[in-house]
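Read the structure below first, then the notes.
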Amino acid sequence: MPRDVRVATTAVERRAPVVAAVPGTGRTGRLALGAAVTAIYVFLLAPVAIIVFSSFNPTEANTFPPTGLSLRWYAKFFESAGFVAAFRFSLWLALVAAVAATAIGFLTAYGLVRCWRRGPGVVQSLAMLPMMVPHLLISISLLLALMVVPVPELAALIVGHVLICLPFAIACIVASLEGIDAQLELAALTLGASRLRALWEVVIPLVAPGFLSALLFTFMVSFGDVYIALFLSGPGRTTLPIEIFAYMQWESTPVVAAITTVQILLIIGLGLVIERLVGLRNIMRV
Amino acid sequence: MATERREVVEAGGRSGRLWLAPIALLYLIALIAPISFFLVMSVFRYSALELWVPTVTGENFARLLGDAYHRAIIVRTLKIALLTTIGCLALGYPLAWYLARTASAWRGLLMFLVIAPLMTGVIVRTYGWIVLLGSEGTINTILRGLGLVDRPLKILHTELAVLIALVHILLPYMVFPLFAALAGQDPDLERAAHTLGAGRARTFLEVTLPLSRPGILMGSALVFTLTAGAVVTPALMGGKDVRMLGQTIYELTMSTLNWPLASAVAFVLVLCQFAILLVYFRSGRRRAA
């Protein structure tokens, strides 16, 4: 099924754009659509833009328009031991979760695309399970499991993050695997390479962009998570979003805006890398 | 197509199940078993000393459905989930349609902008809405500056605020499946409808819209379940006034420590989700037949 979708997508691109080609799509219609789409983008981006603006605000309250320009909230962020520790822990956790999810995601994606006789279909939907279940339920169940099975809480936190990252890793790598020609592997096997060697020398270099985008994507998913960490974080294991959440329940100074701006910059950077590598369009398909 | 598929399968060998073993094991141990155990707890008896006693009882469900406070929360959650789904559909459809059909050179960037908010995490986006909608916030400042209102409007801590933030946060989940369904359509179908004399509206209603149905259902199912399980956004945007199922579960497990009742609440949540998924798969089968 995804194969057909891909064929059709390229067909759309190769032909003249439908918006122009369909007779009767008049000027007014296009203008109305354009206005609607612009309005939707304003809605999507306004909250993010407002955070960046207010992070440079010198006053306590989140006033708009800002009364001046200052970096005082950034200084406050880097002076606050709690926030910095949480930031570092989040980075570490996201790195571990991203690597683990990408590794398991590759095995799964390869099995789905290359070895599943009837095509990915239903099994791929099953692999997307953690995306369909509310994350709240995943993390609360892991917390309960901890009460019964003696496992360190940190392990449960990592497992929870790997779970929510997996669907994204699989999506990235499946998109990348479907783009490479299976004949290349067949050729390697015919020429006497073992399966492992064919995998290592042919498949993995070819899906390297998919790997990298999976790593970055899952890194961001883990870094932004609140639900898993809400139940499974504890002293010394507080992630940045949880630290912010706890802080916001009591007060809301622009220091939160400064932290989130740093986070947004980090994420935009990573996102642009992904877009360059595989194109987000391929990931959106799933 | 068929032969191509076989070649691909041969390239991977016949070890399909082996490759899927790690994920199957992980899901079984860390996802399916714990969630099943948690849901089974809904029929256990609550005990203040041992947290739960494994004897079968219906008292958690009786308490949940019998008392007006919890019933109101269930109704409110379903209402907000439904409205959020409709809101996401109303905004997501034009956006997905545009992205699937446009020939703009900015298409890559436009797609990135849809996904970018998704990647910033729930807290970041909720915080943005607090700054926008608060009584000292941007919207109120502008409204007062224009002289439209003399007292700040109370938007934050209302259902409307929760709704706005949830639509914003969950919009990408609606756009993905819609985009996939719309981009996968053969453009010749729309052209054929035109050649046969159908107007723009009729082509949309009778060709494009029915063909994008799987995307609509998939996106709606995703958004509905994610709304129903939301905790952080309702807590920050709705304050004490707008309680939803997610917060109730959170408090029951983290402060009240009444796991059996929390499980019963979660069970209601899962039941709603199953109902939605059932609709999704049934309509999918009807389409196939």
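Some notes on this structure:
- If the segment from B:ASP241 to B:ALA275 were pulled out straight at 0.36 nm per residue, it would be longer than the present Cα-Cα gap by 9.4 nm.
- Annotation for segment B:196-289: trypsin sites (Lys or Arg not before Pro) lying in DSSP loop with at most 15 further Cβ atoms inside 10 Å of their Cβ are B:LYS240.
- A:ARG195-A:VAL99 pseudo-label distance in nm [points 7 Å out on the Cα-to-Cβ vector]: 2.7
- Förster radius 41 Å - calculated FRET efficiency between B:ALA90 and A:ARG72, Cβ distance, rounded to 0.05: 0.50
- Binning the C-alpha pair distances of chain B at 5 Å intervals from 0 yields a P(r) profile of 1, 5, 8, 11, 12, 13, 13, 12, 9, 7, 5, 3, 1, 0, 0 %, listed from the shortest bin outward.
- In the protein assembly as shown, a dipole from Cβ-located charges (positive for Lys and Arg, negative for Asp and Glu) runs towards its positive end, and of A:VAL149, B:SER42, B:LEU89 it is B:LEU89 whose Cα lies farthest in that direction.
- For segment B:66-288, relative contact order (Cα pairs under 8 Å, six or more residues apart, normalised by length) works out to 26 percent.
- Among the chymotrypsin sites (Phe, Trp or Tyr not before Pro) in segment A:180-222, none sits in a DSSP loop with a Cβ that has at most 10 other Cβ atoms within 10 Å.
- Spatially proximal lysines relative to B:LYS79 (Cα-Cα < 18 Å; intrachain offsets below 8 disregarded): B:LYS240
- About its Cα centre, the dipole of segment A:74-284 is roughly 400 debye, where the only charges are +1 on Lys and Arg Cβ and -1 on Asp and Glu Cβ.
- If R0 is taken as 45 Å, the Cβ-Cβ distance between A:GLU79 and A:LEU206 corresponds to a FRET efficiency of 0.45.
- Compared with the direct C-alpha span, the chain from B:MET254 to B:ASP67 gains 65.2 nm at full extension, assuming 0.36 nm per residue.
- Here the spin labels are modelled as points 7 Å beyond Cα on the Cα-Cβ line, and at B:GLU59 and B:ARG144 they lie 5.2 nm apart.
- Note on chain B: with charges restricted to the Cβ of Lys and Arg (+1) and Asp and Glu (-1), its dipole about the Cα centre is near 460 debye.
- This model, with +1 at the C-beta of Lys and Arg and -1 at the C-beta of Asp and Glu, gives the protein assembly as shown a dipole about its Cα centre of some 1340 debye.
- Cα gyration tensor shape for segment B:56-198, rounded if a/c is under 1.5, else prolate or oblate: oblate
- Selected from B:ALA33, B:LEU18, B:LEU222, residue furthest toward positive end of dipole (chain B; charges at beta carbon): B:LEU222
- Highest GNM mean-square fluctuation among B:PRO187, B:PRO234, B:PRO214, for chain B modelled with Cα contacts below 10 Å: B:PRO187.
- Using the Cβ of B:HIS70 as centre and a radius below 14 Å, the other residues enclosed give a net charge of +1, where K and R count +1 and D and E count -1.
- With the charge dipole of segment A:74-284 set up from +1 on Lys and Arg Cβ and -1 on Asp and Glu Cβ about the Cα centre, the Cα lying farthest toward the positive end among the listed residues A:PHE89, A:PHE217, A:ILE259 is that of A:PHE217.
- Approximate spin-label separation A:GLU251-B:SER104, in nm, with each point projected 7 Å along Cα-to-Cβ: 4.2
- Here segment B:117-273 was treated as a single set of alpha-carbon atoms; its pair distances binned every 5 Å from 0 give 2, 8, 13, 13, 13, 12, 11, 10, 9, 6, 3, 1, 0, 0 percent.
- Cα gyration tensor category, rounded, prolate or oblate, for the protein assembly as shown with a/c compared to 1.5: rounded
- Shown here for segment A:89-162: trypsin sites (Lys or Arg not before Pro) in loop regions (DSSP other than H, G, I, E, B) with at most 16 other Cβ atoms within 10 Å, namely A:ARG117, A:ARG118.
- Cα pair count fraction exceeding 13 Å, expressed as % - segment B:49-118: 78
- Among B:GLN273, B:GLN247, B:GLN185: highest mean-square fluctuation, GNM of chain B, C-alpha pairs under 10 Å: B:GLN185
- With R₀ set to 45 Å, the beta-carbon distance separating B:GLU206 from B:ARG17 gives a calculated FRET efficiency near 0.55.
No value in this document is a laboratory result; all are computed from the given coordinates. Computed from a prediction, not measured in an experiment: that's the story for all the values here. Note that we place each Cβ from the backbone using ideal geometry, even for glycine, and neighbour counts take in every protein chain shown.
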